[in-house]
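Below: the structure, in structure tokens.
The values are calculated or read from the model by the stated rules, or taken from the named source; none is laboratory data. From a predicted model like this one, the values you see are computed outputs, not experimental measurements. When we count neighbours, we look across all protein chains shown, and the Cβ atoms used for this are built from the backbone with ideal geometry, even at glycine. The accessibility values were calculated without ligands, DNA or RNA, using every heavy atom of the protein model including side chains. Shrake-Rupley method; radii C 1.70, N 1.55, O 1.52, S 1.80 Å.
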Amino acid sequence: MVSWRTPNTYLTAGAGGGPATSTSTRPGTTSGLLLEGLLSLLDASDARLMLLSGVMGNAASLAAWTSAGQGDVLFTDDWRAPRRLHVLTATDKIEASRAVVPGRRGAADKTRYDLRAHLAVRPTSATEQHLVTSDDTPIGQLVIGADNRRKTGSGNTSPAYVTTARTARLLLRAGSLLMVVTQRATARDAAKVMAAELDDDPRSQGLADALAARLGVDHPLVGCVRKGVAYHHAGLPVEVQEAVEDAIRSETIRAVVATSTLTDGVNLPVRTVVIATTEYEGQDPGQRMSAAQLLNAVGRAGRAGKESEGWIVLALQKTLEGSDFDRLTPAPSDLEVRSTLAGDTALAALAEAEALVAQTQDAILQLPPDRETGGFVNYVWLILHTLELVPDLANTRTWQDVVRRLFAFTQLPDDLKSRWLALADVVAARYAQTPQASRRRWAQAGTSLGSAAVIESIAAALADQVQLIGGLGERSLDETLDVLAEQDVYAQLLQLPEATRHWRFRMSPRGALVEVDAAPVVRDWIAGRDLSDLADTHLTEVADSAFRLEQMVDGISEGVQHYLAWTVGLVIAQANDILLSRLSPLQLLASTAAHLRYGVDTPLAIDLLVRDVRSRTLARDLGRIARDAEPVKPVETRSR
């Protein structure tokens with residue numbers, strides 16, 4: 001483990017199996033400005049920082065940046081996780097299985113082979129063994145056309161996730177297993193393949209019943225869990241993700257297939273980790289597993305205190321070579337932390353922003369939130385607002401001082417530093433021209449500046465409507481939901497770029513889009529209707545009941561519980577702020593966002609769920625009983 005310290009900063013970088021956090025960006029990538037900007041801002045205070053990471057290739061550079069050159073602050077720890085055996089796996093065709101498949105309707109014949117798993121095992125750095133699975137139990141098929149090229153699609157060559165999942169199933173004999181993939185759909189499909197070859201597991205039936213009550217019996221996760229297999233990705237409800245994590249730790253389930261979101265931030269040790277990433281020429285680099293993500297996954301193999309070793313299996317779609325083992329031990333250069341502002345995509349976005357600034361005064365409101373320039377202008381706006389709120393900070397440094405403390409300014413040449421600072425000057429000029437109330441609202445929104453401005457306008461229109469309705473005091477939940485629907489608030493919020501794909505439904509996995517009005521879904525969700533009922537009511541055009549349910553679960557989890565709860569909460573808070581500024585006695589229900597988050601309609605139900613009651617149905621029913629109960633009159637007692 002590696003660490004470093006200054007009078008105000010302490011940074012540790014571990015080399016092993018613990019959860020990892022990078023200081024400015026995810027190592028080996030150019031992700032976001034969030035942590036880099038936060039550290040730069042905290043540097044302006046007397047905060048004492050402790051930063052930990054196990055996958056950092058340039059720890060000394062980060063230490064020098066965070067300490068501002070104030071001495072040696074880098075430390076190491078030689079702790080090591082259990083010994084790990086490195087394994088590569090691919091597929092071999094079984095020559096004896098060769099068969100000619102006649103072409104249909106005049107098409108050329110194809111050649112079909114069964115596939116077996118080929119494993120290269122390296123117990124030590126000096127030894128290597130090769131194993132293959134039995135020819136009698138193939139793990140898939142290879143279909144080759146007349147042009148000697150692999151045929152894909154239904155009925156042709158087995159997808160890589162299928163052959164890897166079947167190989168992983170064989171490794172379950174060694175103990176618990178985590179299979180890491182890059183796509184949500186792949187996590188689900190691979191778990192289904194693995195589960196299809198297993199019997200029901202008595203240990204997981206209770207969890208399966210609980211998930212069926214939460215998600216609906218037709219949800220594919222339920223059927224997988226009954227076989228002792230689960231999948232995990234960010235589209236599942238948070239409580240479901242946590243239940244899966246707890247189940248693998250307690251060995252209630254034997255295997256979980258997950259995207260890298262699980263390995264990046266959750267301490268989830270297992271006996272075997274299978275890394276199954278699909279890579280191809282021309283692929284978006286963001287869809288590939290970085291060296292840091294790979295090491296995070298590797299760090300889950302081997303349960304300290306339970307066993308002396310763990311297995312790391314790298315699944316490849318190629319002929320195995322000895323050099324492929326090197327991918328499991330990335331070089332420091334592969335793990336180098338680079339500021340998001342120093343990457344090629346950031347510099348391309350900067351050029352686009354500069355062109356936009358030359359065309360319009362509203363340029364900073366038009367920068368997309370998923371580009372580096374959008375994050376940068378948000379950061380500068382936040383710094384300007386922070387210094388306005390905290391005069392003591394403003395007396396010791398300027399906003400330019402804080403911006404120059406970004407890690408990017410230790411990596412960029414002077415000309416690029418000047419260009420980023422010029423864009424910051426544009427932000428500062430717009431900040432000075434913006435009313436104080438709007439400055440605060442935009443800084444607090446957590447969205448792009450353009451979306452923050454739209455949210456404020458939605459809030460102002462909502463405040464106007466509430467005043468037209470009239471009355472006194474805080475509106476009820478039903479009244480608040482009514483005015484949100486009448487003002488088309490949900491639809492407007494779902495048009496913002498931050499909504500991305502949080503509310504998108506299809507007839508089939510690759511079928512046409514289905515339009516779903518969010519307002520009645522939200523109303524029914526808060527009324528306590530279960531997810532199966534919501535899917536059957538609002539996705540009637542989707543024929544497949546399991547796909548219908550899965551889409552509704554994703555829509556509620558990401559679209560309502562996360563995105564709309566956040567943005568509706570912003571709109572209501574700002575509308576109430578505007579009403580107060582007008583000295584209006586009216587307010588919208590301040591807790592509306594919590595009702596969207598938890599899908600219940602009483603304050604008691606929210607309180608129970610916040611206090612870790614797991615059953616939404618139980619919380620809903622208890623809340624309604626309490627709401628509907630008549631007040632108990634005090635019993636009068638008389639003394640004799």
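Quick look at the values:
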| quantity | calculated |
| --- | --- |
| Surface share of carbon and sulfur [accessible, 1.4 angstrom probe, percent] for segment 437-553 | 47 percent |
| Gain in span if fully extended, Asp607 to Leu583, counting 0.36 nm per residue against the direct Cα distance | 5.6 nm |
| Kirkwood-Stokes translational diffusion coefficient of segment 456-599, alpha-carbon pairs, 10 °C, 1.306 mPa s, µm²/s | 101 µm²/s |
| Nearby aspartates and glutamates by direct alpha-carbon distance to Lys227 (threshold 18 angstrom, same-chain neighbours under 8 apart not counted) | Asp189, Glu197, Asp199, Asp200, Asp201, Asp209, Asp218, Glu245, Asp246, Glu251 |
| Shape of segment 136-221, Cα gyration tensor, a/c cut at 1.5 | prolate |
| FRET efficiency, 1/(1 + (r/R0)^6) with R0 25 Å, evaluated for Gln366 and Gln400 via beta carbons | 0.55 |
| Spatially proximal aspartates and glutamates relative to Lys93 (Cα-Cα < 16 Å; intrachain offsets below 8 disregarded) | Asp114, Asp135, Asp136 |
| Accessible area expressed per residue, segment 489-640, with surrounding protein chains retained (probe 1.4 Å, Å²) | 53 Å² |
| Low-density loop positions, GluC sites (Glu not before Pro), segment 213-252 - DSSP coil, at most 10 other Cβ in 10 Å | none |
| Protection proxy ranking, peptides 210-218, 498-506, 120-128, average beta carbon neighbours within 10 Å, highest first | 210-218, 498-506, 120-128 |
| Base-10 log of normalised Debye intensity for segment 392-440 (one unit scatterer per alpha-carbon) at q = 0.15, 0.19 Å⁻¹ | -0.51, -0.75 |
| Charge dipole (debye, nearest 20) of segment 456-599; +1 at Cβ of Lys and Arg, -1 at Cβ of Asp and Glu | 240 debye |
| Accessible surface, per residue, of segment 341-434 when the full set of protein chains is kept, probe 1.4 Å, Å² | 47 Å² |
| Whole-percent pair-distance distribution, where bins are 5 Å wide, for the alpha carbons of segment 341-434 | 2, 13, 25, 25, 19, 10, 4, 0 |
| Square roots of 5 times each gyration tensor eigenvalue, C-alpha, segment 194-266, largest first, Å | 18, 14, 11 |
| Stokes-Einstein diffusion coefficient of segment 519-625, Kirkwood radius over Cα pairs, 10 °C, 1.306 mPa s, in µm²/s | 107 µm²/s |
| For segment 431-524, diffusion coefficient by Stokes-Einstein and Kirkwood Rh (Cα), 10 °C, 1.306 mPa s, µm²/s | 102 µm²/s |
| Per residue, in Å², the accessible surface of segment 138-275 once ligands and nucleic acids are set aside, probe 1.4 Å | 37 Å² |
| Reach of Lys417 by Cα under 19 Å, taken over aspartates and glutamates that are not fewer than 8 positions away in the same chain | Glu36, Asp344, Glu352, Glu354, Glu372, Asp401, Asp425 |
| Pair-distance profile P(r), taking every C-alpha pair of segment 373-486, with 10 angstrom steps and integer % | 12, 34, 26, 15, 10, 3, 0 |
